[in-house]
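Below is one structure, written out as structure tokens, with a few remarks after it.
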Amino acid sequence: MTEIPDHLLERTRSRRQALGLPVSGGGDGGAAAATPAAGGGGGGGAVAATGSNLPKGPVAPSGPAAAAAKPAKPLAPYIEASKRRTRIPVWAMPVVAILPLWAFLYAGTLEPPKKTVLTLKEAGAEVYSGAAACAGCHGATGGGGVGPQLSGGAAAETFPNPVDMVRWVILGSAGGADLYAAAGKQSKGGMPAFGETLSLTQIVEVVLHERQTLAGHDIAEDAEGWADLRELVEEFPERGYTEAEIDLIIEEIVAQEGVEIPAAE
């Protein structure tokens, strides 16, 4: 066995001391006695672990190998989607609850308004207070004012024939002075002519309103007189009145008032 020179052993001990490692052997080169572990028995104690005799590298576990962790089961796609989905805030729940009621009410507003078909007299009331502005002179109920009274039978007394009253409205006081004079009254020249601003149908409507609604005249007494409407086609060629238009007006009077108007000869 080759003996290691003392200077090599000394250099090794110096390096171990510098590194803080235990140094074996004394100055005479003898082997240092191993220190028995505390509480060791007579049969020889275990050697205390030091930095020089600890294993290097990873240490295997002393117990049985831990079982490999089982991978988690993936969630269903609809569950993952529900977790990602934004939740409805609590304050919005009442709004969501009343949405069906709002939709029902809103749908009801989309229905087209029901059309109201007016009778000739009802349409005449609108012309009287609106387009012709008759109420401004004769009063809202025909009691008179700037213009003569129409209510209380006055309109029918002035014009026993309803078509003469239609002529008066067409011509006004300037062109129909003779009509007013025939009734035993003198025109003051204040009645405007409506032949150019109102259609024949509108004029008949307002005359019906004035005679039947305001004056309270019996339409049955005017049945034969309304047949004279057909004469207006030749009397007012410049107005463009047609027989078809007049026949339609007469048919409506018959249907709505229940009177018999003589047919054209």
Q) For the range 121-151, what are the residues that are part of a loop (DSSP other than H, G, I, E, B), modelled with pLDDT of 90 or more and surrounded by fewer than 15 Cβ atoms within 10 Å (Cβ to Cβ)? A) GLY130, ALA133, ALA140, THR141, GLY143
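Looking only at the range 80-91, which residues are of a type in the set (A, V, I, L, M, F, W, C), surrounded by 10 or more Cβ atoms within 10 Å (Cβ to Cβ) and assigned to a helix (DSSP H, G or I)?
Within the range 80-91, the subset of a type in the set (A, V, I, L, M, F, W, C) is 81, 88, 90-91.
Right, trim to surrounded by 10 or more Cβ atoms within 10 Å (Cβ to Cβ) and you get 81, 88.
Scanning the range 80-91 gives a single hit, ALA81.
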Q) So, in the range 209-243, of the ones that are not in a helix (DSSP H, G or I) and not polar (S, T, N, Q), which residue ends up nearest to ALA263 (Cα to Cα)? A) TYR241
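I need the full set of residues from the range 139-150 which are touching a residue at least 40 places away in the same chain (Cβ under 8 Å) and either more than 14 Å from LEU208 (Cα to Cα) or out of contact with any Asp or Glu (no Cβ under 9 Å at 6 or more places or on another chain) (or both), in order please. I'd like the intermediate steps shown before the answer.
Step one: filter the range 139-150 for residues touching a residue at least 40 places away in the same chain (Cβ under 8 Å), giving 141-142, 146-147, 150.
The answer is THR141, VAL146, GLY147.
Find the residue count for the range 151-194, including only residues that are aromatic (Phe, Trp, Tyr) and over 15 Å from VAL206 (Cα atoms).
Looking only at the range 151-194, we keep the residues that are aromatic (Phe, Trp, Tyr), and these are 159, 168, 180, 194.
Narrowing the set further to residues that are over 15 Å from VAL206 (Cα atoms) leaves 180.
Looking only at that region, the number is 1.
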Q: Mind listing whichever residues of the range 86-133 are touching a residue at least 12 places away in the same chain (Cβ under 8 Å) and more than 22 Å from ALA255 (Cα to Cα)?
A: TYR128, ALA131, ALA132
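Results for (1) surrounded by fewer than 19 Cβ atoms within 10 Å (Cβ to Cβ); (2) within 15 Å of ILE170 (Cα to Cα); (3) of a type outside the set (D, E, K, R); (4) touching a strand residue (DSSP E or B) at 6+ places or on another chain (Cβ under 6 Å), shown as yes or no for each residue.
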| site | (1), (2), (3), (4) |
| --- | --- |
| VAL207 | no, yes, yes, no |
| HIS217 | no, no, yes, no |
| GLU224 | yes, no, no, no |
| GLU231 | yes, yes, no, no |
| PHE236 | yes, yes, yes, no |
| GLU251 | yes, no, no, no |
| VAL259 | yes, no, yes, no |
| ALA263 | yes, no, yes, no |
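Does ALA107 satisfy being surrounded by fewer than 16 Cβ atoms within 10 Å (Cβ to Cβ), at pLDDT below 90 and part of a helix (DSSP H, G or I)?
Details: surrounded by fewer than 16 Cβ atoms within 10 Å (Cβ to Cβ): yes; at pLDDT below 90: yes; part of a helix (DSSP H, G or I): yes.
So ALA107 fits the description; yes.
The values are calculated or read from the model by the stated rules, or taken from the named source; none is laboratory data. Just so you know, these numbers come straight off a predicted model, no measurement behind them. Quick reminder, even Gly has a Cβ in these numbers, built from the backbone with ideal geometry, and neighbours come from all protein chains shown.
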